[in-house]
1. Any idea how many residues of region 10-30 are more than 16 Å from the ligand (Cβ to nearest atom) and either within 10 Å of the chain's Cα centre (by Cα) or outside any loop (DSSP other than H, G, I, E, B) (or both)?
2. Any idea which of 245, 219 is at pLDDT 95 or above, acidic (Asp, Glu) and either under 21 Å from the mean Cα position of the chain (by Cα) or closer than 27 Å to residue 16 by Cβ (or both)?
3. Quick one: in region 236-261, of everything that is buried (at least 22 other Cβ atoms within 10 Å of the Cβ) and within 10 Å of the ligand (Cβ to nearest atom), which residue is nearest to residue 205 (Cα to Cα)?
4. Among the residues of region 43-58, count how many are under 16 Å from the mean Cα position of the chain (by Cα), surrounded by 20 or more Cβ atoms within 10 Å (Cβ to Cβ) and either aliphatic (A, V, I, L, M) or outside any loop (DSSP other than H, G, I, E, B) (or both).
5. Which count do you get for residues in region 262-282 that are in a loop (DSSP other than H, G, I, E, B) and buried (at least 16 other Cβ atoms within 10 Å of the Cβ)?
6. Mind checking whether some residue in region 112-129 is closer than 21 Å to residue 175 by Cα and away from the ligand (no atom under 15 Å from the Cβ)?
7. So residue 167 clears everything in (1) under 19 Å from the mean Cα position of the chain (by Cα); (2) without any contact (Cβ under 8 Å) to a residue 40 or more places away in the chain; (3) over 19 Å from residue 198 (Cβ atoms) except one condition, right? Which one?
8. Within the set of pairs 6 or more residues apart or between chains, which connect a residue that is within 13 Å of residue 109 (Cβ to Cβ) inside region 63-91 to a residue that is of a type in the set (Phe, Trp, Tyr) and surrounded by fewer than 22 Cβ atoms within 10 Å (Cβ to Cβ) with Cβ atoms less than 7 Å apart?
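The values are calculated or read from the model by the stated rules, or taken from the named source; none is laboratory data. These numbers were taken from a predicted model, which means no experiment stands behind them. Virtual Cβ from ideal backbone geometry, glycine too; neighbours counted across all protein chains shown.
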Amino acid sequence: MSGVESQVKAMKSVRLNNGVEMPLVGLGTFKLRGYEAVYQALDAALAHGYRSFDTASVYQNEADIGKALRDLLPRHGLSRRDLFITSKLSPRDHGREAEAGCLRSLEALDCGYLDLYLIHWPGKQGHKSEDARHPAWRQESWQALERLYGSGAFRAIGVSNYTVGHLQELLASCQVRPAVLQVEYHPRLVQEELLAFCTANGIHLQAYSSLGTGCLLTEPTVQALAASYGRTPAQVLLRWALQQEIGVIPKSSHPERIAQNIQLFDFVLSEEDMGVLKRMHTDTWYCWDPRLVV
Ligand SMILES: NC(=O)c1ccc[n+]([C@@H]2O[C@H](COP(=O)([O-])OP(=O)(O)OC[C@H]3O[C@@H](n4cnc5c(N)ncnc54)[C@H](OP(=O)(O)O)[C@@H]3O)[C@@H](O)[C@H]2O)c1
């Protein structure tokens, strides 16, 4: 068995609440722009065993990702069904525009169906967080995702940046329960209540910005742990999430970093060191804080 084959085999996946299998590690693509850059990153990712890719309408790279994957699959001896492709509804398209927004993602990626489609943000773009219409827009958007799920265009649907309150509202009215919640989660932002709520309700929590958008890589605590395990700071941060059954989608445009960010299944952090990282929590948000969106 080749190195990549054993890497793919070793990589764990999670069974979502509708039975669909999702790899626990995927490649994030925020700020990865332009066909050449996308092609190079995806080429390296596929070579090192990544099968899952996370994009979004607002990243403006869906078309380049779709084309790069179509170009790369034969070169890597893979087919569409070997991949897990996630995209997200633009916050601009919440409400009446939601179905058209979903269809635009499907058309841009041009890969037949999407494995997972998420509502990117609980509020509609261009409206204040306290706007009382957000709940109705969210509900209308979710119904659009449900229709596309029902038609087979999406294999699973979920949400991103939702709080416990937003999730409770959704669970009270949905026909299809969300399979995934994608949120910011790392040692400086340990969202324990949210994780417990997701676990209790069969929703898989997937972390974004696991490296603190890069800021956590130079934290002395993380660096000291990395040295003690003979690993890199990025690997320690990603492994910390995986050991909580949390999926990760680190982003890099550098092939050597892409390679190291998936080599996570041949070491284990001790319970004590898991706790050391957890105690770094300072409620620090490197991206955006959705708690004010009504
Ligand atoms: N749902 C949402 O609202 C939301 C929000 C944010 C992000 N996301 C998703 O989550 C993905 C990951 O989050 P993120 O991009 O914010 O941040 P991240 O993955 O925490 O960090 C990415 C940064 O770390 C650097 N990096 C990556 N691996 C490294 C390594 N091994 N050593 C040193 N530096 C490394 C990258 O630089 P280089 O590229 O130069 O290597 C990049 O600057 C995004 O790409 C996106 O797909 C979703």
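1. To start, the set of residues in region 10-30 that are more than 16 Å from the ligand (Cβ to nearest atom) comprises 10-21.
Filter once more, keeping what is either within 10 Å of the chain's Cα centre (by Cα) or outside any loop (DSSP other than H, G, I, E, B) (or both): 10, 13-15, 21.
Qualifying residue count, region 10-30: 5.
2. Numbers: 219 fails: either under 21 Å from the mean Cα position of the chain (by Cα) or closer than 27 Å to residue 16 by Cβ (or both).
Of the residues listed, the single one that is at pLDDT 95 or above, acidic (Asp, Glu) and either under 21 Å from the mean Cα position of the chain (by Cα) or closer than 27 Å to residue 16 by Cβ (or both) is 245.
3. Per the criteria, the residue is 248.
4. The qualifying residues number 6.
5. As a first pass, look at region 262-282 and keep what is in a loop (DSSP other than H, G, I, E, B): 262-270, 279-282.
Restricting the remaining residues to those that are buried (at least 16 other Cβ atoms within 10 Å of the Cβ) gives 262-265, 269, 280.
Summing the residues that are in a loop (DSSP other than H, G, I, E, B) and buried (at least 16 other Cβ atoms within 10 Å of the Cβ) in region 262-282 gives 6.
6. Taking region 112-129 and keeping what is closer than 21 Å to residue 175 by Cα, we get 113-123.
Of the ones still in play, those that are also away from the ligand (no atom under 15 Å from the Cβ) are 113.
Yes: region 112-129 contains one or more residues that are closer than 21 Å to residue 175 by Cα and away from the ligand (no atom under 15 Å from the Cβ).
7. Of (1) under 19 Å from the mean Cα position of the chain (by Cα); (2) without any contact (Cβ under 8 Å) to a residue 40 or more places away in the chain; (3) over 19 Å from residue 198 (Cβ atoms), only one is false for residue 167: (3).
8. 64/35; 67/35; 68/35; 68/39
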